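J.: Here it is: the structure, laid out below.
The values are calculated or read from the model by the stated rules, or taken from the named source; none is laboratory data. Please read these numbers as outputs of a predicted model, since none were measured by experiment. Cβ atoms come from the backbone with ideal geometry, glycine included; neighbour counts cover every protein chain shown.
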């Protein structure tokens with residue numbers, strides 16, 4: 001049966017005070033109105049052991065190789081990427097064979113969704129090589145091609161990235177709507193949604209994709225290493241949350257952002273939380289400013305790594321450092337910088353115009369907030385990273 005809950009600002013403050021903050025976040029406190037009341041409506045109960053944070057909370061495997069991508073051409077080496085994938089999934093699970101490792105997450109009866117990220121086309125998207133290897137291993141575990149879905153919110157972005165030539169026949173490639181115009185809601189579930197009024201907008205509901213709520217039994221999340229003007233970085237949490245719900249861009253507008261609380265809130269909604277069982281962050285390429293888009297190579301860089309885990313919060317906590325360290329190396333302001341002097345409140349300004357201008361006060365604290373919802377571990381002292389160099 002349907003249920004709902006609301007969180008007021010005082011409850012949010014209590015949760016935030018109890019969370020283990022990093023020094024950077026302690027210097028960047030959330031604004032007092034950062035947690036509007038929300039109402040979650042869903043008929044799906046949580047699993048006994050939800051997929052997030054899953055069986056490996058606070059654990060991340062990072063596989064690195066200088067040979068995985070050529071910065072001169074931005075082309076990836078498929079053979080090296082497949083080796084990185086094999087080493088990462090085996091190390092995460094402790095299984096001796098790659099097949100056994102994948103069977104920890106999917107079984108032949110599953111309907112498997114692979115949540116890609118296509119917004120950084122053409123330079124920083126969930127790479128063909130990684131997505132193809134995920135599909136290959138899911139099918140090797142016994143899942144038929146007809147039960148494998150590569151999905152994203154917008155069809156025009158999927159069309160631009162064009163996964164089909166890289167995948168076996170029969171794999172489904174599905175979007176919820178044609179483009180980011182909010183003209184067609186048929187791909188969303190009217191009975192599963194989160195309601196919140198951020199800026200007095202007319203439509204206050206964000207509905208889960210029908211594919212996620214009504215069809216998939218397991219989800220594998222394949223985000224990128226990307227800067228984001230509202231959250232500071234867009235990784236596992238934002239890809240699975242904002243990429244599975246409608247009407248989410250309304251959370252950041254004219255210099256202000258409510259992404260701090262809403263990213264984690266969406267990720268916590270059932271059945272999305274329970275069904276998202278594996279996180280594979282594509283760090284072959286990244287964008288350190290102007291994200292989540294990458295229309296030019298101006299801000300593209302090459303971390304040359306893939307991160308594996310079941311805990312999206314732990315991976316995203318590492319992602320914040322990857323993005324902020326790169327910005328520091330480039331002489332750009334920190335993603336934690338909330339100074340009004342760097343804020344240009346003009347929604348029409350080009351988001352990649354100047355790395356020392358914010359068009360929105362960034363909220364990297366969304367990672368800490370997600371931890372308070374039980375989605376994972378944000379305290380770096382408690383995150384165990386296994387580094388593998390090929």
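J.: Quick check on residue 239: is it closer than 26 Å to residue 337 by Cβ, surrounded by 24 or more Cβ atoms within 10 Å (Cβ to Cβ) and modelled with pLDDT of 95 or more?
T.: Yes: the conditions hold for residue 239.
J.: Consider residue 219 carefully, then state whether it is crowded, with 23+ Cβ neighbours inside 10 Å and in a strand (DSSP E or B).
T.: Details: crowded, with 23+ Cβ neighbours inside 10 Å: yes; in a strand (DSSP E or B): yes.
Considered against the rule, which asks whether it is crowded, with 23+ Cβ neighbours inside 10 Å and in a strand (DSSP E or B), residue 219 comes out as yes.
J.: Hey, among 323, 306, 240, which residue is within 28 Å of residue 68 (Cα to Cα), touching a strand residue (DSSP E or B) at 6+ places or on another chain (Cβ under 7 Å) and in a strand (DSSP E or B)?
T.: Answer to the check: 306.
J.: Tally time: how many residues in region 56-90 are free of Cβ contacts under 8 Å to residues at least 24 places away in the same chain and outside any loop (DSSP other than H, G, I, E, B)?
T.: The number of residues fulfilling the criteria is 5.
J.: Kindly evaluate residue 388 against the criterion of being farther than 20 Å from residue 242 by Cα, modelled with pLDDT of 95 or more, touching a helix residue (DSSP H, G or I) at 6+ places or on another chain (Cβ under 7 Å) and assigned to a strand (DSSP E or B).
T.: yes
J.: Could you count how many residues in region 135-170 are touching a helix residue (DSSP H, G or I) at 6+ places or on another chain (Cβ under 7 Å), assigned to a loop (DSSP other than H, G, I, E, B) and within 18 Å of residue 221 (Cα to Cα)?
T.: 3
J.: Of the conditions (1) within 30 Å of residue 192 (Cβ to Cβ); (2) at pLDDT below 95; (3) buried (at least 17 other Cβ atoms within 10 Å of the Cβ); (4) more than 21 Å from the chain's Cα centre (by Cα), residue 37 satisfies every one except a single condition; which number is it?
T.: Among (1) within 30 Å of residue 192 (Cβ to Cβ); (2) at pLDDT below 95; (3) buried (at least 17 other Cβ atoms within 10 Å of the Cβ); (4) more than 21 Å from the chain's Cα centre (by Cα), residue 37 violates only (3).
J.: Follow-up. Can you tell me which residue among 114, 130 is under 21 Å from residue 215 (Cβ atoms) and touching a strand residue (DSSP E or B) at 6+ places or on another chain (Cβ under 7 Å)?
T.: None of the other options fit; the residue is 114.
J.: Considering 263, 313, 277, which residue is surrounded by fewer than 24 Cβ atoms within 10 Å (Cβ to Cβ), within 15 Å of the chain's Cα centre (by Cα) and touching a residue at least 24 places away in the same chain (Cβ under 8 Å)?
T.: Checking each option against the conditions leaves just 277.
J.: Right, next: Taking the criterion of being free of Cβ contacts under 8 Å to residues at least 12 places away in the same chain, within 27 Å of residue 123 (Cβ to Cβ) and surrounded by fewer than 20 Cβ atoms within 10 Å (Cβ to Cβ), would at least one residue in region 177-200 satisfy it?
T.: Checked against the condition, which is being free of Cβ contacts under 8 Å to residues at least 12 places away in the same chain, within 27 Å of residue 123 (Cβ to Cβ) and surrounded by fewer than 20 Cβ atoms within 10 Å (Cβ to Cβ), region 177-200 yields at least one hit.
J.: Right, next: Please specify each residue of region 106-126 satisfying the condition of being farther than 17 Å from residue 280 by Cβ and in a loop (DSSP other than H, G, I, E, B).
T.: Of everything in region 106-126, those that are farther than 17 Å from residue 280 by Cβ and in a loop (DSSP other than H, G, I, E, B) turn out to be 107, 108, 109, 111, 119, 121, 123.
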